[in-house]
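The values are calculated or read from the model by the stated rules, or taken from the named source; none is laboratory data. It should be emphasised that the depicted structure is a prediction, and the values quoted were computed from it without experimental measurement. Don't worry about glycine lacking a Cβ; one is built from the backbone with ideal geometry, like all the others, and counts go over all protein chains shown. Remember, those area values only see protein heavy atoms, side chains included, never the ligands or the DNA or RNA. Shrake-Rupley method; radii C 1.70, N 1.55, O 1.52, S 1.80 Å.
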Amino acid sequence: MGKGVVLMNIYDELVARGLIAQVTDEEEIKDLVNNGKATFYIGFDPTADSLHVGHFMALSLMKRLQMAGNKPIVLLGGGTGLIGDPSGRTDMRSMLTPEAIQYNIDCFKKQMERFIEFGADKAIMVNNADWLAKLNYIEMLRDVGPHFSVNNMLRAECYKQRMEKGLSFLELNYMIMQSYDFYYLFQYHSCNMQFGGDDQWSNMLGGTELIRRKLGKDAYAMTITLLLNSEGNKMGKTAKGAVWLDPNKTSPFEFFQYWRNVGDNDVLKCIRMLTFLPLEQIDDMDQWEGSQLNEAKEILAYELTKLVHGEEEAQKARTTSLALFAGGTDDANMPTTEIFSEQLTDGGIGIIDLLVACGLSVSKSEARRLVQQGGVFINDTKVASIEHKITLEDLKNSVKIRKGKKTYHRALLK
RNA sequence: GGAGGGGUUCCCGAGUGGCCAAAGGGAGCAGACUGUAAAUCUGCCGGCGACGCCUUCGCAGGUUCGAAUCCUGCCCCCUCCA
């Protein structure tokens with residue numbers, strides 16, 4: 001990463017990037033992390049079949065620390081996933097079946113291997129189901145139960161939102177399970193630190209506390225800042241859901257576009273927190289204003305797409321983006337839907353059906369509205385009527401559909 | 001277990017027999033403006049073969065010409081008492 005610039009220690013770099021939210025003991029953590037003495041873990045609960053941006057941040061942190069000589073442990077929550085973390089939520093998570101959890105874990109593993117180097121002296125991956133699932137209820141209660149104050153637990157920030165809507169005993173136990181994980185890893189994997197999103201703070205403190213009470217030893221915790229936009233909403237979410245790292249769920253092009261479209265006020269923060277660009281370079285961009293920020297957005301989008309999907313995909317996404325929005329010519333990589341000849345009637349397909357077939361509209365009503373409001377273009381020509389038909393010939397060459405200002409799609413005959 | 005309150009369209013939240021596909025806000029979508037930004041303004045915002053029809057107000061039944069609104073049973077949540 002650094003190009004012969006002054007080498008900053010990792011802790012200071014994390015601070016400079018705005019990544020650190022809370023730490024239990026700054027001096028001690030600095031010492032461990034800067035000198036490659038940390039063996040740290042980050043937990044990932046398998047709540048979906050793909051990682052998302054929040055996970056990406058955690059993995060990036062892991063990578064940064066790994067590059068600084070520390071040893072990462074990826075903890076997959078095969079056990080905690082069965083319970084469901086209530087932190088910061090207003091409603092209960094839907095309970096996942098063990099099968100779904102296993103499937104999600106497999107998906108996570110594949111994606112993680114692209115970011116983190118696993119191996120004997122590198123990073124290791126563990127699954128907390130391996131020890132949590134075996135626990136005996138009575139033994140467990142007697143073992144760790146006395147060390148948790150329910151009074152304190154209920155006061156924890158992460159449960160605040162749930163005190164009004166209701167918190168089940170199942171979920172209350174999540175903190176104990178996570179604490180137990182840390183306690184376990186501390187003993188069996190010499191894990192002395194836990195990192196995680198800031199919403200995990202209380203859960204993490206539970207672990208350090210348990211280790212101190214049970215073993216009389218110190219362990220440390222550090223949280224990373226949650227990525228919020230200037231309005232205070234979590235980034236990496238769209239109306240349709242999360243921005244996924246799985247290219248089948250969020251294509252590299254869509255992924256690129258998401259970052260290309262962040263608000264002015266959020267670009268630099270994102271570059272600083274999410275990319276591996278040297279801080280000096282980022283500081284220069286800090287002066288940019290107005291439309292110049294578009295350049296920063298392109299850098300952000302390119303860098304992130306490269307990290308997540310590889311250089312080739314990043315370039316393709318950028319080329320397509322430039323073609324679509326900045327007068328370039330190669331728009332080959334826009335999302336494409338193949339139309340089957342069975343879908344044609346009278347040698348063509350109606351614009352309404354086409355919009356639905358391409359997933360640009362969820363219903364025909366919506367598609368009609370789009371056309372009526374003048375928001376649909378075929379090959380850069382506004383569609384004037386909901387009766388408009390796209391002919392077989394057009395489809396053979398493929399047609400470019402534009403919905404609104406920013407959504408492009410291609411349709412061609414299979 | 002007892003007493004009270006509550007479950008409404010993506011979210012919040014009005015509605016307590018017909019004027020309700022259901023106020024208002026938010027989110028979202030489209031249009032104008034612009035820099036593929038923000039803010040602002042305008043329109044849309046259950047579905048469909050669409051001046052009509054169908055599905056929706058926790059679930060299942062019932063009363064009624066007619067129910068989100070009334071009755072019965074069930075499920076879930078909150079508060080207080082145990």
Problem set entry | Within segment A:161-214, tally of residues that are farther than 29 Å from residue A:235 by Cα, without any contact (Cβ under 8 Å) to a residue 12 or more places away in the chain and charged (D, E, K, R) | 1
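Can you name every residue in segment A:345-374 that is near RNA strand B (Cβ under 6 Å from one of its atoms) and loosely packed, with under 13 Cβ neighbours inside 10 Å?
If we filter segment A:345-374 for residues that are near RNA strand B (Cβ under 6 Å from one of its atoms), which is where we start, we get A:363-366, A:368-370, A:373-374.
Within segment A:345-374, A:363, A:365, A:373, A:374 qualify.
Tell me the residue from A:81, A:88 that is under 21 Å from residue A:242 (Cα atoms), modelled with pLDDT under 95 and crowded, with 24+ Cβ neighbours inside 10 Å, please.
Working: A:88 fails: crowded, with 24+ Cβ neighbours inside 10 Å.
That would be A:81, the only listed residue that is under 21 Å from residue A:242 (Cα atoms), modelled with pLDDT under 95 and crowded, with 24+ Cβ neighbours inside 10 Å.
So which residues in segment A:215-230 are free of Cβ contacts under 8 Å to residues at least 24 places away in the same chain and within 16 Å of RNA strand B (Cβ to nearest atom)? Give the steps one after another, and end with the answer.
So in segment A:215-230, the residues free of Cβ contacts under 8 Å to residues at least 24 places away in the same chain come out as A:216, A:228.
Passing the criteria: only A:228.
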For this session: Can you give me the number of residues within segment A:58-102 that are at positive phi and either away from RNA strand B (no atom under 16 Å from the Cβ) or assigned to a strand (DSSP E or B) (or both)?
Result: 1
Problem set entry | Where residue A:188 falls short, out of the listed (1) modelled with pLDDT of 95 or more; (2) open to solvent by 60 Å² or more (accessible area, probe 1.4 Å); (3) over 25 Å from residue A:63 (Cβ atoms) | (3)
Seminar exercise, completed: A careful count of residues in segment A:322-344 that are near RNA strand B (Cβ under 10 Å from one of its atoms) and out of contact with any Leu (no Cβ under 9 Å at 6 or more places or on another chain) gives 6
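Which is at pLDDT below 95 and in contact with a Lys or Arg (Cβ under 6 Å, 6 or more places away or on another chain), of A:398, A:361, A:385? Break it down into steps so the answer makes sense when it comes.
Numbers: A:361 fails: in contact with a Lys or Arg (Cβ under 6 Å, 6 or more places away or on another chain); A:385 fails: in contact with a Lys or Arg (Cβ under 6 Å, 6 or more places away or on another chain).
The match here is A:398.
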Seminar exercise, completed: When segment A:247-287 is checked residue by residue, the ones that are more than 8 Å from RNA strand B (Cβ to nearest atom) and either basic (Lys, Arg) or open to solvent by 60 Å² or more (accessible area, probe 1.4 Å) (or both) are A:247, A:248, A:249, A:254, A:269, A:272, A:280, A:281, A:283, A:284, A:286, A:287
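Got a sec? Which of A:162, A:155 is within 16 Å of RNA strand B (Cβ to nearest atom) and under 28 Å from the mean Cα position of the chain (by Cα)?
Details: A:155 fails: under 28 Å from the mean Cα position of the chain (by Cα).
From the options A:162, A:155, the qualifying one is A:162.
Within segment A:168-179, take every residue that is within 15 Å of RNA strand B (Cβ to nearest atom) and closer than 14 Å to residue A:203 by Cβ and give me the one that is surrounded by the fewest Cβ atoms within 10 Å (Cβ to Cβ).
We begin by selecting, within segment A:168-179, every residue within 15 Å of RNA strand B (Cβ to nearest atom); these are A:168-172.
Remaining after also requiring closer than 14 Å to residue A:203 by Cβ: A:171-172.
Numbers: A:171: 19, A:172: 17.
Of everything passing the filter in segment A:168-179, A:172 is surrounded by the fewest Cβ atoms within 10 Å (Cβ to Cβ).
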Exercise. If you check A:47, A:24, which single one turns out to be surrounded by fewer than 21 Cβ atoms within 10 Å (Cβ to Cβ) and either on the phi > 0 side of the Ramachandran plot or at pLDDT 95 or above (or both)?
Worked result: A:24
For this session: State all residues of segment A:103-142 that are of a type in the set (Phe, Trp, Tyr) and either under 17 Å from residue A:57 (Cα atoms) or not in a helix (DSSP H, G or I) (or both); if no residue qualifies, say none.
Result: A:108, A:115, A:118
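Name the residue that is nearest to the chain's Cα centre (by Cα), counting only residues in segment A:381-414 that are of a type in the set (Ser, Thr, Tyr) and open to solvent by less than 30 Å² (accessible area, probe 1.4 Å). I'd like the intermediate steps shown before the answer.
Of segment A:381-414, the ones of a type in the set (Ser, Thr, Tyr) are A:381, A:385, A:391, A:398, A:407-408.
Then drop every residue that is not open to solvent by less than 30 Å² (accessible area, probe 1.4 Å), which leaves A:398, A:408.
Values: A:398: 33, A:408: 24 Å.
Selected residue: A:408.
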Problem set entry | Check on residue A:182, on the phi < 0 side of the Ramachandran plot, more than 16 Å from RNA strand B (Cβ to nearest atom), out of contact with any Pro (no Cβ under 9 Å at 6 or more places or on another chain) and at pLDDT 95 or above | yes
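Filter segment A:122-147 down to residues that are under 16 Å from residue A:204 (Cβ atoms) and open to solvent by 30 Å² or more (accessible area, probe 1.4 Å), then give me how many there are.
At the first step, the residues of segment A:122-147 found to be under 16 Å from residue A:204 (Cβ atoms) are A:128, A:144, A:147.
Within this subset, residues satisfying the condition of being open to solvent by 30 Å² or more (accessible area, probe 1.4 Å) are A:147.
Residues that pass the stated criteria total 1.
Looking only at segment A:293-302, decide whether some residue is closer than 30 Å to residue A:384 by Cβ and within 13 Å of RNA strand B (Cβ to nearest atom).
Filtering segment A:293-302 for residues closer than 30 Å to residue A:384 by Cβ gives none.
Among the residues of segment A:293-302, not one is closer than 30 Å to residue A:384 by Cβ and within 13 Å of RNA strand B (Cβ to nearest atom), which makes the answer no.
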Problem set entry | Selection count, segment A:360-385, where residues are within 12 Å of residue A:403 (Cα to Cα), assigned to a loop (DSSP other than H, G, I, E, B) and of a type outside the set (Ser, Thr, Tyr) | 7
